[in-house]
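Novice: If you scroll down you'll find the structure; I have some questions about it.
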Amino acid sequence: MKPLQFILNIIWLIFCGIWMALAYVLAGLICCVLIVTIPFGIASFRIAGFILWPFGRTTVERRDAGAGSCVGNVIWFVFAGWWLALGHILTSIPLFLSIIGIPFGWANLKMVPLSLAPLGKEIVDTDQAWGARY
């Protein structure tokens, strides 16, 4: 990991990463209570790790994701996605109010699409992102 990515991840963790990761863990625990939604819980735990330490990693579309992930994303949106996206939006507002927080506010808003439709996406290092897309 590059030193700048490490510093950005530490600042991110302090100001918004830990809170949003806890929201994803809570969503994962709720999903795991219901037997049918365990795959959503696993996806939520996977995203929580990404939310904790996002710089140096990105998400790419999975080529093998089919109609099941599309249907799953609709279910996810109804039960957990919209309030996690709202959490990202509300967390970005105070970040935009400070000069140093503006890049972190943009990073938070870039995670809204992931929070709305996480199935069919894979988290990869930024070095692998271009190779994974093609």
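The values are calculated or read from the model by the stated rules, or taken from the named source; none is laboratory data. None of these values were measured; they are calculated from a predicted model. When we count neighbours, we look across all protein chains shown, and the Cβ atoms used for this are built from the backbone with ideal geometry, even at glycine. These accessible areas exclude ligands, DNA and RNA; they are computed on the full protein's heavy atoms, side chains included. Shrake-Rupley method; radii C 1.70, N 1.55, O 1.52, S 1.80 Å.
Novice: So, in Å, what gap is there between the alpha-carbon centers of the stretch 62-134 and the stretch 1-60?
Specialist: Using only Cα atoms, the two centres lie 10 Å from each other.
Novice: Moving on. Express in nm, to one decimal, how much length is gained between I123 and D64 on full extension, taking 0.36 nm for each residue of separation and deducting their alpha carbon distance.
Specialist: Details: separation 59, 0.36 × 59 = 21.24 nm, distance 1.45 nm.
Additional length available on full extension: 19.8 nm.
Novice: If you don't mind, there's one more thing I want to ask. Keeping all protein chains in place, calculate the accessible area per residue for the chain (probe 1.4 angstrom), answer in Å². Numbers along the way, then the final one.
Specialist: Working: 7870 Å² over 134 residues.
Accessible area per residue: 59 Å².
Novice: If r is the Cβ-Cβ distance from I18 to V78 and R0 is 22 Å, what FRET efficiency results, to the nearest 0.05?
Specialist: On the way: r = 27 Å, r/R0 = 1.21.
Efficiency, rounded to the nearest 0.05: 0.25.
Novice: Right, next: If you place +1 on the Cβ of every Lys and Arg and -1 on the Cβ of every Asp and Glu, how big does the dipole about the Cα centre of the chain come out, in debye to the nearest 20? List each step's numbers first, then the result.
Specialist: Numbers: 8 positive and 5 negative charges, 15 e Å.
Taking the Cα centre of the chain as origin, the dipole is about 80 debye.
Novice: Of [x] 24, 19, 13; [y] 32, 18, 13; [z] 22, 17, 15, which is the value of semi-axes √(5λ) of the Cα gyration tensor in Å derived from the coordinates here?
Specialist: [x]
Novice: Leaving out ligands, DNA and RNA but keeping every protein chain, what accessible area does T59 have, in Å² rounded to the nearest 10, with a 1.4 Å probe?
Specialist: For T59, solvent-accessible area is about 40 Å².
Novice: With a bin width of 5 angstrom, please list the P(r) values of the stretch 36-92 as percents of all Cα-Cα pairs, from the 0 bin to the one holding the largest distance.
Specialist: In whole percents, the pair-distance histogram is 4, 14, 21, 30, 21, 9, 1.
Novice: Let me ask you something else. Express in Å², to the nearest 10, the accessible area of E122 obtained by rolling a 1.4 Å probe over the protein heavy atoms while all chains stay in place.
Specialist: 90 Å²
Novice: How large a share of the accessible area of the chain, in percent, is made up of carbon and sulfur atoms when the probe is 1.4 Å and the other protein chains stay in place? Walk me through the numbers on the way to the answer.
Specialist: On the way: 6040 of 7870 Å².
With neighbouring chains kept in place, the figure for the chain is 77 percent.
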